[in-house]
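For reference, the structure discussed in these notes is given below.
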Amino acid sequence: MSYLAFKVVHLLGVVLFLGNIIVTGVWKTLADQTREPPTIAYAQRLVTITDWVFTLGGIVLILIGAYGMVAAGGLDPLGTTWLIWGQGLFIASGIIWALILIPTQVAQARMARDFARGGTIPARYWHLARRWMIWGTIATLLPLANLYVMVVKP
């Protein structure tokens with residue numbers, strides 16, 4: 001594939017990835033604000049599904065496109081400052097998702113299955129929702145900073 005073809009793949013991945021993490025954060029926050037167990041449970045289930053499809057799919061496309069462009073363009077991924085920063089920001093966001101956000105989401109999804117049928121939402125769910133929002137915001141700001149670095153190439 002050519003450099004430009006890899007660029008298209010990369011940009012499609014960025015759109016899917018950033019679009020999903022931003023929309024999911026807003027969507028889950030709005031669902032939680034209803035304090036309605038069935039609404040929250042439904043949103044929590046769909047957060048998991050969309051993460052598998054769009055976030056993970058976006059990550060795969062980002063990586064294929066990025067490293068394809070590096071190879072096709074003859075770039076050094078460890079010798080170019082903006083590429084180092086880009087990879088570092090991407091990895092930092094991924095670490096937060098893997099170590100904090102995914103386990104938090106899994107715990108919330110399990111609770112949501114229990115209260116979906118009209119049960120009460122446990123206090124632990126709200127504690128985890130706050131944690132998810134704080135770390136999710138950080139994990140979203142990092143790829144947005146990465147977007148800046150990839151466009152401006154400081």
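What follows draws every value from the coordinates through simple rules; no lab data is involved. This one's a predicted model, so the numbers in the text were calculated from it and none came from an experiment. Here the Cβ positions follow ideal geometry from the backbone for every residue, glycine too, while neighbour counts run over all protein chains shown.
For the chain, the longest principal axis of the Cα atoms and the long axis of helix 3-34 meet at an angle of about 20 degrees.
Packing around the peptides 111-123, 94-106, 39-51, taken as the average count of other Cβ atoms within 10 Å per residue, puts them in this order, highest first: 39-51, 94-106, 111-123.
Extension gain for V23-W52 works out to 9.0 nm (0.36 nm per residue, less the C-alpha to C-alpha distance).
If you line up the long axis of helix 56-73 against the longest principal axis of the chain, both from Cα atoms, how many degrees apart are they, to the nearest 10? Long axis of 56-73 versus the principal axis of the chain: about 10 degrees.
Just to confirm the number: angle between the C-alpha axis of helix 37-50 and the first principal axis of the chain, 0 to 90 degrees, nearest 10? The two axes meet at around 20 degrees.
With the alpha-carbon atoms of the chain aligned to their principal axes, the span from lowest to highest coordinate is 58, 25, 20 Å, starting with the largest. Between the beta carbons of R131 and V151, assuming R0 = 35 Å, the FRET efficiency works out to 0.65 to the nearest 0.05.
Taking the Cα centre of the range 54-139 as reference, the dipole from Cβ charges on Lys and Arg (+1) and Asp and Glu (-1) amounts to some 540 debye. Residues in the range 99-105 carry Karplus couplings, in order, of 8, 10, 6, 5, x, 5, 4 Hz; the curve used is 6.51 cos²θ - 1.76 cosθ + 1.60 with θ = phi - 60°, and Gly or Pro positions show x. Averaged over residues, the count of other Cβ atoms within 10 Å places the peptides 71-82, 11-22, 27-38 in the sequence 11-22, 27-38, 71-82, highest first.
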